[in-house]
Amino acid sequence: MLVPKRIGALVAGAWLTLTILACMTEAPDDECDVGSEGCACTSGDGCDPGLQCVMDVCREPCDGGSCARDAGTRRDSGRPSSGTCTGTVDACWQGCISSGTSTAACRAACDLGDAYGCYALCVDNGDDTGTCRSVCGASGAIAELGCAETCIARGVATATCKGLCGLTSDCGEVGCAGVCLRQGDDVVSCKNVCGFTTERGREACHAVCGERGEAPATCSALCG
């Protein structure tokens, strides 16, 4: 299912300039040229001609200048490609995203489901995380992930995001890792906030550690 995202909602900050480890990008590092389709954007959020930089990955543009992503294959910072931390955006929420409907109005009209569609709309609408949390809730692993993605979009500090979104699941830890990457947190600080007690959380911790340039042995000691 395609999910349009306004570029302006996600451009600011290091989130768009970070290259995630090979296990969390859409193509292996040795097959990815920076700026090419499916690969990391340049440090200035640039891509090859005809592509747009969306969530730090170069993609084909969509109608209206927005960016479409396949919700079933999206790769967000800190998200293991082998994991199941993937939310869905159903037709009702997709319709609200396409029409620019307010999050509160769409919440009244659409089934909440796993809340991921609600948080996707929040990001598209530029809502702050506190508002999103109040409207969408954060009960469940996918909801925690979606809430964390609003923190990434809005540049919310990692500890603040944890307090707003909750952190009780593996997908919540994955989302927390993405916030760490967005904020530029060091690995120790990130682990202190996110915990990384689950298998997917530890994998995400290793991604943060590798992105920070730490040696594999150091990452193993820090992340388990």
Distant-in-sequence amide H partners of ASP128 (H built 1.01 Å from N, under 5 Å): none
Under a point spin-label approximation (7 Å from Cα along Cα-to-Cβ), what is the ALA109-SER134 distance to one decimal in nm? 2.2 nm
Hey, could you grab the Kirkwood Rh for the stretch 106-201? Inverse mean 1/r over distinct alpha carbon pairs, Å, one decimal. 12.9 Å
For the stretch 201-212, take each phi angle, set θ = phi - 60°, evaluate the Karplus expression 6.51 cos²θ - 1.76 cosθ + 1.60, and give the result in whole Hz per residue in order, putting x for glycine and proline. x, 5, 4, 5, 4, 4, 5, 4, 4, x, 5, 7
Using the Karplus curve 6.51 cos²θ - 1.76 cosθ + 1.60 with θ = phi - 60°, what ³J(HN,Hα) values do you get for each residue of the stretch 110-121, in whole Hz, with x for Gly and Pro? 10, 5, 5, x, 7, 6, 5, x, 4, 5, 4, 5
Just to be sure I understand the model, the point goes 7 Å from the Cα along the line to the Cβ. What's the resulting ASP186 to CYS92 distance in nm? 4.7 nm
Say R0 is 35 Å: what FRET efficiency, to the nearest 0.05, do THR168 and SER43 get from their beta-carbon distance? 0.50
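The numbers here are math on the coordinates, done by the rules we state, and not lab data. On a predicted model such as this, the values are computed, not experimentally measured, just so you know. Positions of Cβ are backbone-derived with ideal geometry, glycine not excepted, and every protein chain shown enters the neighbour counts.
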